[in-house]
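Everything on this sheet refers to the single structure shown next.
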Amino acid sequence: MFRVLVAPEFEIVPSDPDFPPAILDALKTARDETRSNYVSFWAEIGKTGLKSNVILSTYPAAWLERYTEENYARIDPVIRGGLGATGAVIFDHENPETEAVAPLAADALRHNIGRYTIGIPAQFNASIRSVTTFATDQDVGANTEETGEILVKAREQAHIVGLAVVERFLKPDAPVVSLSDREIEVLYWGSTGKTDQQTSEIMNLSRWTVVAHVQSAKAKLRVNNKAAAIARALELQMFRKYDFKL
């Protein structure tokens with residue numbers, strides 16, 4: 001399969017109306033949590049390269065046109081390097097490492113994509129590997145504590161986005177599930193970055209009650225961890241039923 005879905009500037013456009021709103025919400029959260037400009041996701045299925053991919057992008061339309069026109073995917077160090085890496089890949093647009101990627105770097109700066117692109121790889125099973133990219137103006141070129149914190153958040157968000165995409169496009173439909181209002185709410189606050197302790201304070205519950213709700217939701221959604229439960233709830237659009245306000 002080969003599927004490309006785009007939502008330029010995080011907006012679903014008439015030319016691509018099938019972009020799943022739940023996945024777009026996950027991409028927006030990833031952008032906000034990592035303070036990035038744009039986020040994209042590439043999944044490679046099997047070992048067939050770019051001929052068998054699921055690609056989702058929120059980059060500006062002008063940049064996507066340029067990227068496609070110049071076929072930058074064949075040299076993009078974040079995509080090429082990220083799909084085969086075990087750790088983060090960072091592309092400094094102001095200081096490209098090779099002449100081959102210099103035009104790509106120059107165009108990224110020209111289109112105000114950001115100073116850097118971070119690539120976070122993930123493998124979901126033996127046949128599906130992915131890289132989530134974060135375009136940012138934050139200085140992640142140096143090995144500092146701040147860079148480490150940014151990369152930690154990027155890994156967390158890449159995992160959530162990846163699970164949402166895999167569940168939506170690369171797995172058979174799951175059976176219909178029903179969560180209680182409390183279970184949905186604790187997952188909602190988790191999706192905004194709140195810890196179990198913070199969620200317990202917001203909901204006026206004990207931390208252990210919150211943990212119990214998370215465990216119950218995981219069992220009903222048939223997932224193994226909280227991040228996967230959040231991703232599945234996003235995909236099922238469970239949070240849209242509620243308007244939580246502090």
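Only one residue in 165, 140 is among the hydrophobic types (A, V, I, L, M, F, W, C) and outside any helix (DSSP H, G or I). Which one? Give the steps one after another, and end with the answer.
Working: 165 fails: outside any helix (DSSP H, G or I).
Testing whether each residue is among the hydrophobic types (A, V, I, L, M, F, W, C) and outside any helix (DSSP H, G or I) leaves just 140.
Residues in the stretch 114-136: is at least one touching a His at 6+ places or on another chain (Cβ under 9 Å), small (Gly, Ala, Ser) and part of a loop (DSSP other than H, G, I, E, B)?
For the stretch 114-136, residues touching a His at 6+ places or on another chain (Cβ under 9 Å), small (Gly, Ala, Ser) and part of a loop (DSSP other than H, G, I, E, B): present.
If you scan the stretch 123-157, which residues turn out to be touching a strand residue (DSSP E or B) at 6+ places or on another chain (Cβ under 6 Å) and among the aromatic types (Phe, Trp, Tyr)?
Scanning the stretch 123-157 gives a single hit, 134.
For residue 61, indicate whether it is closer than 19 Å to residue 162 by Cα and assigned by TED's automatic domain parsing to the domain that holds residue 135.
Taking the combined requirement at face value, the residue does not satisfy it.
For residue 86, only one of the following conditions fails: (1) in contact with a helix residue (DSSP H, G or I) (Cβ under 8 Å, 6 or more places away or on another chain); (2) without any contact (Cβ under 8 Å) to a residue 40 or more places away in the chain; (3) not aliphatic (A, V, I, L, M). What is its number?
(1)
Quick one: residue 154 ticks every box in (1) at pLDDT 90 or above; (2) more than 14 Å from the chain's Cα centre (by Cα) except a single one, so which number is it?
That leaves (2) as the condition not met.
The values are calculated or read from the model by the stated rules, or taken from the named source; none is laboratory data. All values reported here derive from a predicted model rather than from experimental measurement. Methodologically, a virtual Cβ is constructed for each residue, glycine included, from the backbone with ideal geometry; neighbour enumeration extends over all protein chains shown.
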